[in-house]
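Trainee: Below you'll find the structure I mean.
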Amino acid sequence: MSQLLNQVAVVTGAGRGIGQSIALKLAAAGADLVCVDLKPEANQETADQVAALGRKAWMYGANVSDAAQVDAVAEKILADVGKVDILVNNAGITRDTLLMRMTEADWDLVLDINLKGTFLFTKAFTRAFLKQRSGRIINIASVIGLMGNAGQCNYGASKAGVIGFTKCVARELASRSITANAIAPGFIQTAMTDKLPEEARKALQTQIPLQSLGLPDDVAEAVLFFASPGARYITGQVLAVDGGLAM
Ligand code: NAP
C-alpha cells in the first residue's frame, strides 16, 4: 500500500503507545516520518521500525507545551525535511484525581500539554500548509472530552478543548484545502491505561459494547483514513474509536 508515498508526516509523542503505532501505520502506507518526543532519543525504536519499512525517519525532541521549543523544532523540521503534509498532534498526559483534590498544577500541566501543545504545534506548521495549499491536521482527543469521567476534569476539559480547537482550525483553513479532524479514542491498551487497577479495567469493559479495550493500531487506522486521499472532503469531524462506548 503506498497511498501516502512522497508525503511527510509529523507525529508528536511518537516514542511509544498510540503515537508509535500511528507513525508505523503512516510509514507502512508510504509516508516518511518526523518523530517528535520529549527527547529525540525517545524516538529511536520508532525511527528504526520506520526505516525497516523502507521509509525515511527523522527524530526531534521538544516539549509540546513550550512555545519557544515548538517554534525552534518546527523551523528545524522544515529546514531539514523541506515540507510537511500531515501533522498528528498525539502527545498527551493524564494527572487524574477528583476535583476536590485537583491542584492548580495538575490542571495547568494537563491543559498545557494536551491543549496548548496542540495549538502550538498546529500554529507552527500553519504558514507552511497555507503556502503549499494542502495539509492534513489530525488531533488525538479522547471520548472523555465527549462524555466526561469522574477524576478527569483536567483531562476532559483539555480534550473537549482539542475538539473545539479542531473545528475552529477546520473552518479557518478550509479555503486552502487544509483539513483538520479529531479522533476520540476510548480505552486503548497503552502505558496510560496500564495504570488502571484490574477491578477498574474489568468494570470498564462491561460498559464497552464491543467488550474489550482497543489497541493502538485501532487508533492508527483512523489516523491513516484522515491522512489518506479518500478523506479529502472531510473536515471538522470527530471520530470516536472506542468500541461503541460514547455512542
Ligand atoms: P503514552 O503511552 O503515555 O504516550 C504518550 C507519548 O507522549 C509519550 O511518547 C510521551 O513521551 C509523549 N509526551 C508526553 N508529554 C509530552 C510533551 N510535553 N512533549 C512531547 N511529548 C510528550 O500515551 P498514549 O496512551 O499512547 O496516548 C497518546 C494520546 O492518545 C494522548 O493524547 C492521549 O490523551 C490519547 N488517548 C489515549 C487513550 C488511551 O486509552 N491510551 C484514550 C484516549 C486518548 P515520554 O515517553 O517521553 O513520556
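The values are calculated or read from the model by the stated rules, or taken from the named source; none is laboratory data. As the structure is a computational prediction, the values presented were derived from the model and not from experiment. Virtual Cβ from ideal backbone geometry, glycine too; neighbours counted across all protein chains shown. For accessibility, only protein heavy atoms count, side chains too; no ligands or nucleic acids. Shrake-Rupley method; radii C 1.70, N 1.55, O 1.52, S 1.80 Å.
Trainee: Classify segment 102-247 as rounded, prolate or oblate, taking a ≥ b ≥ c as the square roots of the eigenvalues of its Cα gyration tensor: rounded when a/c is under 1.5, otherwise prolate if a/b is larger than b/c and oblate if not.
Mentor: oblate
Trainee: Follow-up question, since we're still on this one. Can you sort Arg176, Arg95, Arg171 by solvent-accessible area, 1.4 Å probe, largest first?
Mentor: Arg171, Arg95, Arg176
Trainee: Can you spot the aspartates and glutamates whose alpha carbon is less than 13 Å from Lys195's alpha carbon? Ignore those fewer than 8 places along the same chain.
Mentor: The reachable aspartates and glutamates, counting only those whose Cα sits under 13 Å from Lys195, are Asp96.
Trainee: Quick one: what are the phi-derived ³J(HN,Hα) couplings along segment 47-62, Karplus 6.51/-1.76/1.60 with θ = phi - 60°, whole Hz, x for glycine and proline?
Mentor: 4, 4, 6, 4, 4, 5, 7, x, 10, 7, 9, 10, 10, 9, x, 6
Trainee: Helix-derived [θ] at 222 nm for the chain: sum -39500 (n - 2.57) over DSSP H runs of at least 4, divide by residue count, nearest 500?
Mentor: -13500 deg cm²/dmol
Trainee: Can you send over the carbon and sulfur percentage of the accessible area for the chain, probe radius 1.4 Å, protein chains only?
Mentor: Exposed carbon and sulfur together represent 53 percent of the surface.
Trainee: Have a look at Gly230, Thr12, Ala28 and report the one farthest towards the positive end of the charge dipole of the chain, computed about the Cα centre with Cβ charges (Lys/Arg +1, Asp/Glu -1).
Mentor: Gly230
Trainee: Given a 1.4 angstrom probe, what's the average accessible area per residue across segment 8-239, in square angstrom?
Mentor: 47 Å²
Trainee: For segment 151-247, state which chymotrypsin sites (Phe, Trp or Tyr not before Pro) are in a DSSP loop and have at most 13 other beta carbons lying within 10 Å of their beta carbon.
Mentor: The qualifying sites are Tyr233.
Trainee: Could you give each residue of segment 79-91 its phi-based ³J(HN,Hα) in whole Hz, using Karplus coefficients 6.51, -1.76, 1.60 with θ = phi - 60°, and x for Gly or Pro?
Mentor: Couplings: 6, 6, 9, x, 6, 9, 9, 10, 10, 10, 8, 10, 4 Hz.
Trainee: Name the residues whose placed amide hydrogens come within less than 5 Å of the amide hydrogen of Val241, ignoring near sequence neighbours (fewer than 5 apart) on the same chain.
Mentor: Ala184, Gly186
Trainee: Still on this structure: Of Lys116/Lys167; Lys56/Lys83; Lys25/Lys202, which sit over 20 Å apart, Cα to Cα?
Mentor: From the list (Lys116/Lys167; Lys56/Lys83; Lys25/Lys202), the Cα-Cα distance tops 20 Å for Lys25/Lys202.
Trainee: Amide H to amide H, which residues 5 or more places from Leu87 or on other chains are under 5 Å from it, using H placed in the peptide plane?
Mentor: Hits under the 5 Å cutoff: Val10, Arg136, Ile137, Ile138.
Trainee: For segment 5-13, take each phi angle, set θ = phi - 60°, evaluate the Karplus expression 6.51 cos²θ - 1.76 cosθ + 1.60, and give the result in whole Hz per residue in order, putting x for glycine and proline.
Mentor: For segment 5-13, the Karplus curve yields 4, 6, 9, 10, 10, 9, 10, 8, x Hz.
Trainee: Say each of Arg127 and Leu98 gets a label point 7 Å from the Cα, pointing the same way as Cα to Cβ; how far apart are those two points in nm?
Mentor: 4.9 nm
Trainee: Post the alpha-carbon centroid distance, segment 156-231 to segment 99-131, in whole angstrom.
Mentor: 16 Å
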